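Since the structure comes first, as structure tokens, the remarks are kept for the end.
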Ligand code: HEM
């Protein structure tokens, strides 16, 4: 290049460019300096070799001891920031709510949704806002948190109790039964009907949702999310995609049936409400109330509404077998306050011990230890660290639900965490199994109602004991893996109470 021949404008341009690059460099090194610390990452794999992929939250709890409440970890090419402890998670999700309300793109879900992440749970931006608002309003319109749904749970419990009683105290594995009962509550909102537990379509749907919940938490899918080009090698990946297709096809057939019978003056279900809204929006860009969003929202609510609550109930029954003296105290309180009539939400305030036990089950079971991933929607500073926009964030719920500064006996099942010295129920700030902030669980009110009603109803009618030949000390409280963390598969004997 002949430098002498460069025009003055050219020189000016180069000067400006150099200044920009210098600023960029300063900014980058500033970012690096203030970016949360973390273990040294290797090329390509990052810190993958040090992470327990079945239970990544355990690795993260350990790393927090070395690197503090805000630290970084690199999973393959992806840098993540982990938030640990009640103060830090609250400061991010509540005090800086908007900046931490994003969701990162998850390759397996992008693939299953053919590149467009619709629905509410894994959606982001304006699509998420519109779908979340519609979901919350419509769930409330169909009775979430109200008597209509309370009646539905009470009615559903009768079917569950009859199914359990038919076993006459013989050992039984309760996963599918509890899935079915809990699923029917959300299905009644979504579809406006309930299914018989033996209905083959219903059983198939439960199986698909269960299988995908397990696969989504499997190490192979973590690997896929880091290195999507490996997908063709992974069996789990193919099963997951196939299962999503099958669930979506079912939802599509269902909503087409609803469309045929649609009466805007008699909306019987969430699907009806969505279809009416779709027709109202027709003619507009119709971007949000699309068929794709309908399928995805229904799939989201079915999975989130079923998996989480039934997994928590399974933990509850296992814990009652492990601690029979606690089970007995709950049953005594049920006898005193409710007697033999069906439990109702209004009983809860008079039942501090039972309420404390239900809360402690959720705290101890810790079924979403990593929370769902968040993403920063803007550059932020947290605890003195700089976190750029678009960073993958893990608000580690396990670190909050077992935060030593918040809980007297964090690793022990101890209902007294929620009771004062007079036995009155006390709320705990660090009790956030439903997370906090803008992304807080959209089904919290429904889940809390279901947990209290199903749990008290089950203990009112049955005593849960380990099967013959299994001693209390044999009962294993270690978690397995999945997107929600279930207990190890176990059988229970539900002995009818006289
Ligand atoms: C024990 C039961 C449940 C637990 C522990 C639970 C927990 C959670 C958690 C931790 C999140 C992630 C929040 C975040 O990203 O910060 C979440 C999100 C969500 N949950 Fe639940 N959940 C439960 C039951 C339900 C039920 C019954 C429904 C449906 C009716 C539901 C619907 C949702 C939805 C739609 C989201 C996504 C919210 C968003 O991204 O805006 N959940 N839940």
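The values are calculated or read from the model by the stated rules, or taken from the named source; none is laboratory data. Note that this is a predicted model, so its numbers are computed, not measured. Here the Cβ positions follow ideal geometry from the backbone for every residue, glycine too, while neighbour counts run over all protein chains shown.
Every condition in (1) out of contact with any strand residue (DSSP E or B) (no Cβ under 9 Å at 6 or more places or on another chain); (2) over 17 Å from residue 189 (Cβ atoms); (3) more than 11 Å from the ligand (Cβ to nearest atom) holds for residue 324 except the one numbered (1).
Candidates in region 420-435 are the residues that are touching a residue at least 60 places away in the same chain (Cβ under 8 Å) and within 7 Å of the ligand (Cβ to nearest atom); of these, the one that is nearest to residue 136 (Cα to Cα) is 435.
Tell me yes or no: at least one residue of region 429-448 is crowded, with 21+ Cβ neighbours inside 10 Å, modelled with pLDDT of 95 or more and touching a strand residue (DSSP E or B) at 6+ places or on another chain (Cβ under 6 Å). No, there is no match, as no residue in region 429-448 is crowded, with 21+ Cβ neighbours inside 10 Å, modelled with pLDDT of 95 or more and touching a strand residue (DSSP E or B) at 6+ places or on another chain (Cβ under 6 Å). Within region 134-144, if we keep just the residues that are within 11 Å of the ligand (Cβ to nearest atom) and outside any helix (DSSP H, G or I), the residue that is farthest from residue 438 (Cα to Cα) turns out to be 142. Taken over region 174-208, residues that are surrounded by fewer than 19 Cβ atoms within 10 Å (Cβ to Cβ) and within 16 Å of the ligand (Cβ to nearest atom) amount to 2. Give the residue that is nearest to the ligand (Cβ to nearest atom), with candidates limited to residues of region 110-133 that are part of a helix (DSSP H, G or I) and buried (at least 21 other Cβ atoms within 10 Å of the Cβ). Checked region 110-133; the qualifying residue nearest to the ligand (Cβ to nearest atom) is 128. Scan the helices (runs of 4 or more DSSP H) fully inside region 185-294 and keep the ones with 3 or more residues being within 21 Å of the chain's Cα centre (by Cα) and without any contact (Cβ under 8 Å) to a residue 12 or more places away in the chain. Result: empty, no element qualifies. Consider region 88-109. How many of its residues are assigned to a helix (DSSP H, G or I) and in contact (Cβ under 8 Å) with a residue 60 or more places away in the chain? Total satisfying the criteria: 12. Just a yes or no: is a residue in region 164-173 in a helix (DSSP H, G or I) and without any contact (Cβ under 8 Å) to a residue 40 or more places away in the chain? The answer is no, given that none of the residues of region 164-173 is in a helix (DSSP H, G or I) and without any contact (Cβ under 8 Å) to a residue 40 or more places away in the chain. Of all residues in region 35-82, those that are surrounded by 15 or more Cβ atoms within 10 Å (Cβ to Cβ), more than 26 Å from residue 228 (Cα to Cα) and within 24 Å of the chain's Cα centre (by Cα) total 5. If I filter region 404-416 for residues that are within 16 Å of the ligand (Cβ to nearest atom) and in contact (Cβ under 8 Å) with a residue 60 or more places away in the chain, do I get at least one hit? No, that holds for no residue. Give region 84-105 a look and list any residue that's touching a helix residue (DSSP H, G or I) at 6+ places or on another chain (Cβ under 6 Å) and more than 10 Å from the ligand (Cβ to nearest atom), or say none. Scanning region 84-105 gives 84, 85, 86, 92, 94, 97.
Filtering region 443-451 for residues that are closer than 22 Å to residue 321 by Cα and more than 16 Å from the ligand (Cβ to nearest atom) leaves an empty set. Of all residues in region 438-454, none that is free of Cβ contacts under 8 Å to residues at least 40 places away in the same chain and within 15 Å of residue 189 (Cβ to Cβ) has its Cβ atom under 9 Å from the Cβ atom of a residue that is part of a helix (DSSP H, G or I) and more than 7 Å from the ligand (Cβ to nearest atom), 6 or more apart or on another chain.
Give me a count of the residues in region 145-155 that are touching a residue at least 40 places away in the same chain (Cβ under 8 Å), within 13 Å of the ligand (Cβ to nearest atom) and surrounded by 19 or more Cβ atoms within 10 Å (Cβ to Cβ). Here the count works out to 2. Checking 463, 381, 456, 377 one by one, the residue that is at pLDDT 95 or above, part of a helix (DSSP H, G or I) and more than 10 Å from the ligand (Cβ to nearest atom) is 456 and no other. For region 384-416, the set of residues classified as assigned to a loop (DSSP other than H, G, I, E, B) and under 22 Å from residue 485 (Cα atoms) consists of 396, 402, 403, 404, 407, 409, 410, 411, 412, 413, 414, listed by residue number.
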